[in-house]
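A short write-up of the structure that comes next.
Taken together, the values in this text are just the output of simple stated rules run on the coordinates, not laboratory data. In this text, all values refer to a predicted model and were calculated from it rather than measured experimentally. Don't worry about glycine lacking a Cβ; one is built from the backbone with ideal geometry, like all the others, and counts go over all protein chains shown.
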Amino acid sequence: MAEKIQIEIVNRRDFVLGASAVAALATLTTLGSGEALAKSNWADEMKALIGDAKPATGKVSLELPEIAENGNTVPFTVSADSPMTAADHVKEMHVFATGNPVAHVVSLFFTPESGKATATSRMRLGKTQDVVAVAVMSNGKVYMGKRQVKVTIGGCGG
Amino acid sequence: MAKPRVKVPKTAKAGDIILIKTLISHKMENGLRKDKKTGKPIPRKIISDFSAKFNGKEVFKAKLHGGISANPYLAFNAKVPASGEFEFTWTEDTGKTWSAKKSITVS
């Protein structure tokens with residue numbers, strides 16, 4: 001009789017352990033896919049804009065505060081190194097906040113009459129993250145610059 | 001609601017690259033915020049397009065998204081070969097537009 005009860009207890013414990021293991025696994029998988037989504041998010045948005053082009057590092061610079069106290073308005077300046085002539089100029093610049101729910105922040109379209117491929121604006125940042133700027137040149141070359149910003153209070157609503 | 005403000009230098013030398021600063025008051029509701037009372041999401045309503053023309057020719061254009069802060073500020077450059085007029089247009093995603101004009105004398 002005593003033996004039987006013990007077996008029962010063991011079984012139940014096994015069952016509980018097994019169930020929690022399954023639950024933990026389920027959480028892990030959902031977490032994993034969520035993270036993958038957030039990661040591929042901005043890469044997909046970038047692909048939609050520049051196609052399969054592989055951006056080279058350099059030529060693009062970003063000016064951003066190292067620590068943004070208020071994520072609602074983070075001033076930023078993006079610029080690309082270019083002579084801005086009719087033959088050789090920056091056509092487009094796309095700015096992404098890689099950790100925002102919608103990563104694509106702004107697209108800037110320059111012409112040789114812009115004189116300089118520089119623009120300043122203010123963006124919202126939800127959390128500490130990398131800000132990426134991608135420049136598309138008139139000859140089709142693509143360059144990329146990156147900068148990390150630490151955000152104290154996020155600014156994406158919620 | 002929205003009122004555009006633009007700063008363009010009054011004079012410049014031919015071929016100069018000038019700095020133009022623009023600002024428009026707009027909430028830039030990104031569609032992610034929720035109404036605190038009802039819990040329902042507030043629909044997206046942003047300025048989605050901006051363009052700057054000099055004597056009728058486009059010099060700079062921008063497509064804005066929800067990641068741009070309220071009261072969108074944009075500063076950019078333009079090369080001025082001759083005197084003329086800048087025309088700036090802001091377009092909301094509802095189709096509503098605002099515009100401003102500024103002239104510059106080039107010597």
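What FRET efficiency, computed as 1/(1 + (r/R0)^6) with R0 = 41 Å and r the Cβ-Cβ distance, is obtained for A:T120 and B:K36, rounded to the nearest 0.05?
Once the sixth-power term is evaluated, E becomes 0.80.
Put +1 on the Cβ of each Lys and Arg and -1 on the Cβ of each Asp and Glu in the stretch B:22-107; which of B:G31, B:S99, B:H65 then has its Cα farthest toward the positive end of the dipole?
Final value for the positive-end residue is B:G31.
List the equivalent ellipsoid semi-axes of the stretch B:4-106 in whole Å, largest first, each obtained as the square root of 5λ for an eigenvalue λ of the Cα gyration tensor.
33, 11, 10
With only alpha-carbon atoms in the gyration tensor, what are the semi-axes of the equivalent ellipsoid for the stretch A:52-153, in Å, largest first?
Three semi-axes, in Å: 25, 13, 10.
Which peptide among A:145-155, B:39-49 comes first, and what is the full order, when sorted by highest mean count of other Cβ atoms within 10 Å?
A:145-155, B:39-49
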